[in-house]
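Participant: One structure follows; several queries about it will come next.
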Amino acid sequence: MKTPPWDSLSPTTQDRVQCYLDGTITEDEFSRLQDEMAESSRLRRFVRRSITIDQFLSEESEKTASQNVFEPWLTNSPNKPSDGSTPILLSRFPKSPKLWPVALAAVLAFGFGLFLMSLRQDATAPKVASAPEFASSSPGLADGFAVMQKLLGTKWSGSTYQEGDALGAGTITLTSGLAQIQFYSGATMTIEGPAQIELKSAWEAYCYEGAVRMRVPPAARGFRLNAPDTQIIDLGTEFGMNVSDGQGHVEVFDGEIALSHRGGDKKILERGDTLQFNGSNSSPGQRQAPIHYPDADKFVKRVAEQENSGFQKWQQERDRIAGDKRIAAYFTFEKKDQFGLFPNLRDSSDYNLNAAPILAETVPGRWPHLKKAVEFRRPDARVRLHVDNDFEGFTFMSWVRIDSLDRDYNALFMADGYENGEPHWQIRRGGRMMLSVMVDDSRPSIYPNDVSGYHYVYFSPQMWHQKLSGQWLHLASTYDPVRAQVAHYVNGKRISLETIKPEWQPPQLKIGNCEIGNWGQANREDSKYAIRSINGSIGEITIFRQALPPQEIKSFYKRTRAK
């Protein structure tokens, strides 16, 4: 019987399993989980599989394999697992004797998993990578064979798409507008709606209806574009196809193609050649009226015009935001001052408010030819700054492009010392945002192996997975002491809301010295814990002195997005 996927478990059970695996479960909840496990063999299989997979994926597996299985395994995370896909084994046996039986069973289950895995000749875990609960976070797993490159005025029937979406096998139905697809083979397809296109592989597609223009460089020679009863093999060229009601027209603009109709002999069409085909035959094209094909060059030009218009609107919004008196810091990373610092647009004339990039590089941003962003690909990359105090609450808001989540913790904005009242805004490895504020750094943490102090971490649901790699997202998190609430937002939509209990409220809020994109004051020497650079880019980041309401977060997103 197959192991049940994470999504098949109830939210309550998911939470219990997460808390059990990272050691934060209460005795009462543990008892309830124990009862569930006793009644459900599916749940027992899930826990066994989770422990086995996690340890095999861990970079420390070789080190821990040499230890006695009853010794503590130090985790790199004091917090809940970032999603249901990568749970962490308990870092120590529970102190309560009542919890020993299941803890022992978990260790034995892992040992049994080791035995099973050792029977395989290949223990590099392709089976693990294909498991549903790991499909979004496995760094070696491709999510498709093409990418949605550019869009212009598109409307869809069924599934909708955005620029940067990874595309796999399936049918795309474009009601209107223009879309450009880049195949991993190197071929580029420009589609104009209405059109229905089936993507089969990096080397093959099928046009049921619509107008298509293909550009196939030498490296993609052999790309096949099929139509009703017709197959075209591209020999390194540019050609157009227009299909309507089972009939079509093909025209070669450059190079040559090999065309076969209804399994007949291949015909070679060269530059300037045209051909009509229907259900029974094909013949040299006799145009009754001009045949329309998407113009790739004009399409790129129109996209550039649209981007320029969007950028101008964003510039106007940028200036409006900079004048907002609630702002503590606002960085857009468009340019540097004479000292190589990024100006804080809250008051660009005040040198003391500016931010210093350290190994962080400027790269093309959301408008690649018009605006820059700052990239944190190197492990030590960061942007250093100081944010003065006087906070009623916190709102952190940023346009972020995540390429991958390489660390257990991936920093967005981090206060240096993580002292009382200071915030940490991050993304966990599995794709959940996390916001925490230190309550009392003189008291022990509630999380195992965490020496930072007494605090609580507020997680969002999973908001990022590998298919979103390279896409720009608008992320926001708010900390509202007045309403005692923490909220997380993605693209203007609130995805979580959690109550701040009285014991988790610090007496005051502050920031001081801090970093964007990394954390230089990690309180453990473990490199997995200390290195927090985010593998991606930040296009802009805004910090408010109070918690903004949902409608205002949504408004900021709409007014600052690229389109």
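Since every read-out is calculated from the coordinates, none of them should be taken as a lab result. Computed from a predicted model, the values in this text were never measured in an experiment. With ideal geometry, Cβ positions are generated from the backbone for all residues, glycine too; neighbour counts draw on all protein chains shown.
Participant: Sort segment 436-547 into rounded, prolate or oblate with this rule: let a ≥ b ≥ c be the square roots of the eigenvalues of the Cα gyration tensor; rounded if a/c is under 1.5, and if a/c is not under 1.5, prolate when a/b is larger than b/c, oblate otherwise.
Facilitator: Note, shape of segment 436-547 comes out oblate.
Participant: Among rounded, prolate and oblate, which fits segment 331-454 when a ≥ b ≥ c are the square roots of the eigenvalues of its C-alpha gyration tensor, a/c under 1.5 means rounded, and a/b larger than b/c means prolate?
Facilitator: Verdict is oblate for segment 331-454.
Participant: Here is a further query. Using the Karplus equation 6.51 cos²θ - 1.76 cosθ + 1.60 (θ = phi - 60°), what ³J(HN,Hα) coupling, rounded to whole Hz, does each residue of segment 184-194 give in order, writing x for Gly and Pro?
Facilitator: Taking θ as phi minus 60°, the curve returns 5, 5, x, 6, 10, 10, 10, 10, 10, x, x Hz for segment 184-194.
Participant: Using a Förster distance of 22 Å, how high is the FRET efficiency between D265 and T171, based on the Cβ-Cβ distance and rounded to 0.05?
Facilitator: With a Förster radius of 22 Å, E is 0.15.
Participant: Here is a follow-up. Pairs K301/K554; K371/K510; K155/K493; K155/K558: which exceed 23 Å Cα-Cα?
Facilitator: Check vs 23 Å cut-off fails for K301/K554; K371/K510.
Participant: Here's another thing I want to ask about it. What residues have an amide H closer than 5 Å to that of E422, excluding those fewer than 5 places away on the same chain, when H is modeled at 1.01 Å from N in the peptide plane?
Facilitator: Result for E422 returns M438, K510.
Participant: List the residues whose amide H sits under 5 Å from the amide H of Q485, counting only those 5 or more places along or on another chain, with H placed 1.01 Å from N in the peptide plane.
Facilitator: Counting only residues 5 or more places away or on other chains, the set is D480, I500.
Participant: From the phi angles alone, apply the Karplus equation (6.51, -1.76, 1.60; θ = phi - 60°) to segment 432-446 and give each ³J(HN,Hα) in whole Hz, x where the residue is Gly or Pro.
Facilitator: 9, 5, 9, 10, 9, 10, 5, 8, 8, 6, 8, 9, x, 6, 7
Participant: Next question. Give the order of W519, W464, W504 when sorted by the count of other beta carbons within 10 angstrom, beginning with the fewest.
Facilitator: W504, W519, W464
Participant: Rounded to the nearest 0.05, what FRET efficiency is calculated for D406 and S159 with R0 set to 25 Å and r the Cβ-Cβ distance?
Facilitator: 0.30
Participant: Also, quick follow-up: Take K501, K325, K336, K155 and order them by how many other Cβ atoms sit within 10 Å, fewest up front.
Facilitator: In order of increasing Cβ crowding within 10 Å: K325, K501, K155, K336.
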